[in-house]
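Remarks on the structure that follows.
The values are calculated or read from the model by the stated rules, or taken from the named source; none is laboratory data. These numbers come from a predicted model, not from an experiment. Cβ placement follows ideal geometry from the backbone for every residue including glycine, while neighbour counts extend to all protein chains displayed. Please note that ligands, DNA and RNA were not included when accessible areas were found on the heavy atoms of the full protein model with its side chains. Shrake-Rupley method; radii C 1.70, N 1.55, O 1.52, S 1.80 Å.
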Amino acid sequence: MQKKGKTVTKRKKILILHGPNLNMLGKREKTVYGKTTLEKINNELKILAKKLNVELKINQSNIEGELVNIIQKASKDRTNGILINPAAYTHTSVAIRDALLAVKLPVVEIHLSNIYKREEFRHKSLTASVAIGQITGFGKDSYLLGLEALVKNC
Ligand code: DQA
C-alpha cells in the first residue's frame, strides 16, 4: 500500500487452526498434553504475535468439514500462512491435506506431544508433506516455535 510516497507494509495475517479435542486441553490426558488450557495457549500466541507484529485469526473445530471450510476461507481473506495442529485428523484426513494443498499457503504443522514416540498409528502424518515443516513434542512451545518459524517463512 502506498501513502504519500511512504510504503506502508501490511501486517502479515496468520490463521491458527486447532483440530479436534484440543478444546479439552487442561482436562484431557494431562500426562501427555500437560495442564495448559487452549485459552492459555491462545493468549501466549497473541502475546508473541504482538512482538512479531502479525495479526492472528484463531479457530478450533472438532469437525473435519468445518476445518476444511476454514482453510478454504483463508485463501480469500488475504491470509499469509497457516499454523495447524490437526490433532487426530493428522493421521486420517485426506480432506484436510487436500484443502491445505488447494489454498497454496505456507503451512507449519505442530503437535504438543512427540507423535513419533507414541503409538504407531500416530507416526504417519498425512498433512506434514504439504507443510513447510513440522514441530512436534515441545508442549505449548511447539505452537510458539511454529508461529515464529511460519512468520519467517511466509
Ligand atoms: C496431537 C497428537 C495427535 O496424535 C492427537 O490425536 C491429538 C493431539 C498433539 O498435539 O500432540 O489430538 O496433535
Original post:
Taking helices (runs of 4 or more DSSP H) that do not extend beyond the stretch 1-82, which have at least 2 residues that are hydroxyl-bearing (Ser, Thr, Tyr)?
Top reply: 30-33
Original post:
Can you name every residue in the stretch 97-141 that is touching a residue at least 40 places away in the same chain (Cβ under 8 Å) and assigned to a helix (DSSP H, G or I)?
Top reply: 140
Original post:
Is there any pair with a first residue in the stretch 59-71 that is under 11 Å from residue 87 (Cβ atoms) and touching a residue at least 24 places away in the same chain (Cβ under 8 Å) and a second that is open to solvent by less than 60 Å² (accessible area, probe 1.4 Å) and part of a loop (DSSP other than H, G, I, E, B) whose Cβ atoms are under 6 Å apart and which are 6 or more apart or on different chains, and what are they?
Top reply: 62/20; 64/93; 67/61
Subject >> Members of the stretch 67-91 that are within 16 Å of the ligand (Cβ to nearest atom) and touching a strand residue (DSSP E or B) at 6+ places or on another chain (Cβ under 9 Å) >> reply: 67, 82, 83, 84, 85, 86, 87, 90
Original post:
Looking at 29, 39, 66, which is the one that is out of contact with any helix residue (DSSP H, G or I) (no Cβ under 8 Å at 6 or more places or on another chain), within 19 Å of residue 91 (Cβ to Cβ), among the acidic types (Asp, Glu) and open to solvent by 90 Å² or more (accessible area, probe 1.4 Å)?
Top reply: 29
